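Enquirer: Have a look at the structure that comes next, please.
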Amino acid sequence: MDLPVEGEKGPETRAGSLADRNVATCGLDERVADVSSRLAGARVCVVVRDGVVMGVLEGDSLAGGTLTAAEAMRRGPSTFRPSISPRELATYLGDHDMDHTVITTLDGRLVGTVSRADLERAAGGDG
C-alpha cells in the first residue's frame, strides 16, 4: 500500500522507491489535445478518477485530438505494487518489451511510473 517498510530489505530494494511520483495525470473527460499541450515532453499520461488509475495515454493515443482521455486511453494497463523488486519488474518489462510501467497501491491508487532503465540500474546492485 506504499507504506513505510521495515526489516532486512528496506525501501531501496523495492520498485516503489524508484517510482516517479511527479507523473502527468488527467481526468477521463479531458480532451487529448488539451492534455498533450500541457505534457511538456512527457511520454505518458496516466488517466485517473479519484486517484485510481483508469488507463494511460501514450504514443499514438496522445494524438487523439478531439477525443476524450476515456475514448483514447489504453484501458487496464499493467500495474505493479510498490513492493515488487526492481529485478523482477525489470525482467517483466524486458520480457514484454515495455519501457515503463505504472506503480499503484493494491486498491489501484496511483503511486507513480517507473522506467525499465531505472529498474535495471537498481537491480544491478541487489545481488
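Enquirer: Tell me, what is a quarter of the convex hull surface for the C-alpha atoms of the chain, in nm² with one decimal?
Expert: 7.8
Enquirer: Let me ask you something else. Which residue, L106, L18, L57, has the most motion in a Gaussian network model of the chain that connects Cα atoms within less than 10 Å?
Expert: Between L106, L18, L57, it is L106 that shows the largest mean-square fluctuation.
Enquirer: Would you calculate a helix-derived [θ] at 222 nm for the chain, using -39,500 (n - 2.57) for each DSSP H run of n ≥ 4 and dividing by the full residue count, to the nearest 500?
Expert: -5500 deg cm²/dmol
Enquirer: In the chain, if the dipole is taken from +1 on Lys/Arg beta carbons and -1 on Asp/Glu beta carbons about the Cα centre, which of S36, V53, S85 is farthest to the positive end?
Expert: S36
Enquirer: Assigning unit charges at the beta carbon (Lys, Arg +1; Asp, Glu -1) and nothing else, what dipole magnitude in debye, to the nearest 20, does region 33-127 show about its Cα centre?
Expert: 200
Enquirer: Cα gyration tensor of region 34-95, axes a ≥ b ≥ c as square roots of the eigenvalues: rounded (a/c below 1.5), prolate (a/b > b/c) or oblate?
Expert: prolate
Enquirer: Separate question: Helix 86-95: angle to the longest alpha-carbon principal axis of the chain, degrees 0 to 90, nearest 10?
Expert: Its long axis makes an angle of about 50 degrees.
Enquirer: Within region 32-50, find all residues whose amide N lies under 17 Å from a label point positioned 7 Å from the Cα of E71 along Cα-to-beta-carbon.
Expert: The answer is 32-37.
Every read-out reported here was derived from the displayed coordinates using simple, explicitly stated rules and does not represent laboratory data. Quantities reported herein were computed from a predicted structural model and do not represent experimental measurements. As a convention, Cβ positions derive from the backbone with ideal geometry for all residues, glycine included, and neighbour counts pool all protein chains shown.
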